[in-house]
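Engineer: Mind having a look at this structure? Questions to follow.
The values are calculated or read from the model by the stated rules, or taken from the named source; none is laboratory data. Small disclaimer: the values here were computed from a predicted structure and weren't measured. Cβ atoms come from the backbone with ideal geometry, glycine included; neighbour counts cover every protein chain shown. With ligands, DNA and RNA removed, areas are computed over all heavy atoms of the protein, side chains included. Shrake-Rupley method; radii C 1.70, N 1.55, O 1.52, S 1.80 Å.
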Amino acid sequence: MSQTESRKGKSAYFVPTISISLVLIVVGMLVFILLNARTISDHVKRNIGFAVIVKDNTNEVEIKRVQKILDTQPYVYTSKYVTKEQAAKSFKKEMGEDFERILGANPLLPSIEIKLNPAYANNDSLAMIEKGLARFDIIHEVYYQKSMIESINENIRRITILFLIVGAVLVLISFTLIRNMIHLAVYSQRLLIKTMQLVGATPFFICKPFVYGSMWRGFFGALIANLVLLGAIFFVQENVGNVINIMRQDVILFMVAFVILSGVVLSFFSAWFSVRRYLRRDLNDLYV
């Protein structure tokens, strides 16, 4: 075999493999994001909460007793006791004004700030929680922004639906691209396929080398895609790890397995149907 033919053979194997890996990177990225969508949604919802405003001059021991009771409730993710002085300091920092100097006193009340578990981060659950908190005599008011909570939940629903639609379209396009790339690889060998058929080779015997070769390209393309994806995930985790953990072992293992399975299975069926397509064609049609 000449060097030119050798280079062509390597190119015929290398180019489809890299092309498949690029498409599988998109597939793997979409799968990873979809699997982490719940984690991201929960992270956003855990920042939703409410403030339990306590009556003035309530004993701090009593406030902390109520806080401990609240910490045992299933809807509480975290709680924080905020004194009058801390509330005033925070208000001054946000507004940039010393209202105590103007008013001559601190009108703010102590509070217990509650961050909700994601399942309870909605107005219906908060209304029920508010009714339940009425049994505590020290509570002056339960404060939360209904419109903001409704807006957050509605935006999460819209983004989830939109991403599912876009993801489904992109995955369909990616799978179509893989099928077309393999079909082109088989197309270049269509005359060889027909020649083997004319000399009496069985369809299985003809399909086998093309299917095996295509599956190996899909497998190696998937390995390359997974290496790129894992590198990207580790890089992102280094930058956002202090905010949200995306290094979930079950998600990563599922993504890796899905990418490999997609590469191998799609390559198998694409090669099989492409070869069978040319076996059914008339010899004269192969030159078209």
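Engineer: Check which residues have an amide H placed less than 5 Å from Asn117's amide H, if you skip close sequence neighbours.
Structural biologist: Answer set, sorted by chain and number: Val76, Tyr77.
Engineer: Same structure again: How much length is gained if the chain between Ile161 and Lys93 is pulled fully straight, taking 0.36 nm per residue apart and subtracting their Cα-Cα distance, in nm to one decimal?
Structural biologist: Working: separation 68, 0.36 × 68 = 24.48 nm, distance 3.91 nm.
So the extension gain works out to 20.6 nm.
Engineer: Need one number: nm distance between label points at Ala105 and Glu238, each 7 Å from Cα along Cα→Cβ, rounded to one decimal.
Structural biologist: Using points 7 Å along Cα→Cβ, the separation is 5.7 nm.
Engineer: Computed FRET efficiency, Cβ-Cβ of Asp124 and Lys68, R0 22 Å: what is it to the nearest 0.05?
Structural biologist: Details: r = 26 Å, r/R0 = 1.19.
Efficiency for this residue pair is about 0.25.
Engineer: Considering the Cα trace of region 137-226, what is its radius of gyration and what is Dmax, both in angstroms?
Structural biologist: Over region 137-226's Cα set, Rg and Dmax evaluate to 27.0, 94 Å.
Engineer: Considering only C-alpha atoms, what is the centroid distance from region 10-72 to region 116-138, in Å?
Structural biologist: A separation of 22 Å, based on Cα centres.
Engineer: I'd like to compare 220-230, 64-74, 168-178: which one has the highest average count of other Cβ atoms within 10 Å, and what's the full order after that?
Structural biologist: Numbers: 220-230: 20.3, 64-74: 12.9, 168-178: 15.1.
Highest mean packing first, the order is 220-230, 168-178, 64-74.
Engineer: Counting only heavy atoms of protein chains, what accessible area per residue, in Å², does region 131-195 have with a probe of 1.4 Å?
Structural biologist: Working: 4280 Å² over 65 residues.
Computed with neighbouring chains in place, this is 66 Å² per residue.
Engineer: While we're here: If you take the beta carbon distance between Phe175 and Lys55 as r and set R0 to 51 Å, what does 1/(1 + (r/R0)^6) give as a FRET efficiency, to the nearest 0.05?
Structural biologist: Details: r = 63 Å, r/R0 = 1.23.
The value I calculate is 0.25.
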